[in-house]
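Written out below as structure tokens is the structure these notes cover.
The values are calculated or read from the model by the stated rules, or taken from the named source; none is laboratory data. Worth saying up front: this structure is predicted, and the values here are computed from it rather than measured. All Cβ positions, glycine included, derive from the backbone under ideal geometry; neighbour counts span all protein chains shown. Accessible surface areas use protein heavy atoms only, side chains included; no ligands, DNA or RNA. Shrake-Rupley method; radii C 1.70, N 1.55, O 1.52, S 1.80 Å.
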Amino acid sequence: MSSNRRKIAARRRNPQAGSQNDGEPVFVVVGIGRRPHGLQGEMLVQVLSDDPQRLQAGAQLRLGPQQLPVTVASAREHNQGLLIAFEEYPTREDVEPFRNVPLYVHLDDLPDLDDGEFYAHQLVGLDVIDEEGQQLGRLGEVLETGANDVYVVQSTGGGELLLPAIQDVVLKIDLENGQITVRLLPGMEVPD
């Protein structure tokens, strides 16, 4: 994993399901169940996790908006995803209602990150300021792209500012004070 990717261990659009007192989600999305496969209760899953091991046999997950507890009975690679079977739903008919539903993992089950690494859900909502301390807006979303993540900042004027999550732009992430300090490179303008 590149240093930029390690600096910001982010996932695209992590829906929050419930929250703790500090506003962080209790569960984060690690995959999307797409469709049943075969007759043995397997489901094709689009993996949204940086660590597919979270979806291996024995993993404890939550399924769908009801966050039904499930245990992965088996998992195997298929095309660009995984075929996963759940102990609680052994037939095709059992998993049919779970088309296009998210698979969640409990926040406590996420691995600890090294110093200087963050999950996207920790960053969304932080104030974004420039080097001089001027308020630029609030981080609304982290987009995962091929080269580096992109921070979508909702500016104080109502527009969006797209910032690449690279060392030249993102100078400091301060979770304690709820701020991200950035340097605007030539051509980057704060929208009105």
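When the square roots of the Cα gyration tensor eigenvalues are ordered a ≥ b ≥ c, the ratio a/c for region 130-192 is under 1.5, which makes its shape rounded.
Each 5 Å bin from zero up to the one holding the largest Cα-Cα distance in the chain carries the following percent of pairs: 1, 7, 15, 18, 16, 13, 11, 8, 6, 3, 1, 0, 0.
Taking all protein chains into account, the per residue accessible area for the chain stands at 53 Å² (1.4 Å probe).
In region 48-151, what percent of the accessible surface is made up of carbon and sulfur (1.4 Å probe, ligands and nucleic acids excluded)? Can you show the working numbers first?
Working: 2320 of 5360 Å².
C and S atoms contribute 43 percent here.
What dipole magnitude, in Debye to the nearest 20, does the chain give about its Cα centre under +1 on Lys/Arg Cβ and -1 on Asp/Glu Cβ? It would help to have the intermediate numbers written out before the result.
Numbers: 16 positive and 30 negative charges, 156 e Å.
With Lys and Arg at +1 and Asp and Glu at -1, about 740 debye.
When shorter helices are ignored and each DSSP H run of at least 4 residues is given -39500 (n - 2.57), the per-residue value for the chain at 222 nm works out to -1000 deg cm²/dmol. The length gained by stretching the chain between ASP50 and LEU68 to full extension, at 0.36 nm per residue less their Cα-Cα distance, is 4.2 nm. Between ASP112 and ILE32, the contour length at 0.36 nm per residue exceeds the alpha carbon distance by 26.5 nm.
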